[in-house]
Amino acid sequence: MSTASLTLDLSGLQPGFADPTLESQAAFRAIMNATARPGLIADLSAAPTPPAGLCRAAGAAALTLIDQDTPLWLDTGLRGGAVESWLRFHCTCPLAAAHAQAAFALLLAAPDMPPLAAFNQGDARYPDQAATVIILLPALHGGPQLELRGPGIADPARIAPQGLTAAFWAERAELVAHFQFGIDLMLCAGDELIAIPRTTRITLPPTSSNTGA
């Protein structure tokens, strides 16, 4: 299932959680709270410093949620170096050979980012097996404003992440139009994370830029 060599270069490996039980539980609670309350920004500044190219929030999500039973699709820009070694060592996760095999995906926001439809959206028998896509963004503030509605949101929540296009959000809306199916998202920048479950409905303002900047 892995597309990478079994040999890891551990010479410059960054540490993971100093106290795996307590620190992973704290990160897990923060991430689950954000998942239960879409639009809430989780502060993961207490998490370990990951290798260059991976922000702290995304690293915390990986250390907390990904393990040997959850194949990971790793963006081509993150493969073959310190980020891959760190993830494979601390998470013991296999790398998925194809998008559809991944339980999690870790992506850089870029024009050549794979479409969400390439990942497992669950099926009628196992909707819970849909993939979670973790996306590294420049910032979670200062972009086009999005309005979130749905379970866990008492009043419409507003977020303004940078780096994702209107076309991305249109594709996401099309995927989640069928109840239970879709892709769960985690948007990460620096120490911050926003979770957007597939049950969340998102509205873009009419003036949203196609650049997402």
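Assorted remarks:
- When the range 69-100 is limited to residues that are charged (D, E, K, R) and crowded, with 16+ Cβ neighbours inside 10 Å, the one that is farthest from L140 (Cα to Cα) turns out to be R88.
- Single match in A62, A58 (criterion: touching a helix residue (DSSP H, G or I) at 6+ places or on another chain (Cβ under 7 Å), open to solvent by less than 60 Å² (accessible area, probe 1.4 Å) and under 27 Å from R149 (Cα atoms)): A62
- Unique residue being of a type in the set (A, V, I, L, M, F, W, C) and over 21 Å from A189 (Cβ atoms) when the list is A57, A139, A82, A154: A154
- Complete set of residues in the range 128-142 that are open to solvent by 10 Å² or more (accessible area, probe 1.4 Å) and at pLDDT 95 or above: T132, L136, L137, P138, A139, H141, G142
- When the range 46-55 is filtered for residues that are more than 14 Å from the chain's Cα centre (by Cα) and open to solvent by less than 60 Å² (accessible area, probe 1.4 Å), the ones remaining, listed by number, are A47, P48, P50, P51, G53.
- Neighbours by Cβ (under 9 Å, 6+ apart or cross-chain): first from the range 150-162, farther than 14 Å from R201 by Cβ; second of a type in the set (S, T, N, Q): A160/Q145
- In the range 101-127, the qualifying residues are those that are of a type in the set (G, A, S) and assigned to a loop (DSSP other than H, G, I, E, B), and the one that is least open to solvent (accessible area, probe 1.4 Å) is A102.
- Residues in the range 61-119 that are of a type in the set (D, E, K, R) and closer than 27 Å to T21 by Cα were compared, and the one that is modelled with the lowest pLDDT is R88.
- Residues of the range 153-169 that are open to solvent by 50 Å² or more (accessible area, probe 1.4 Å), out of contact with any strand residue (DSSP E or B) (no Cβ under 7 Å at 6 or more places or on another chain) and farther than 21 Å from P115 by Cα: A154, D155.
The values are calculated or read from the model by the stated rules, or taken from the named source; none is laboratory data. Just so you know, these numbers come straight off a predicted model, no measurement behind them. Please note: Cβ atoms are built from the backbone with ideal geometry, for glycine as well, and neighbour counts cover all protein chains shown. Heavy atoms of the whole protein, side chains included, go into the accessibility calculation; ligands, DNA and RNA do not. Shrake-Rupley method; radii C 1.70, N 1.55, O 1.52, S 1.80 Å.
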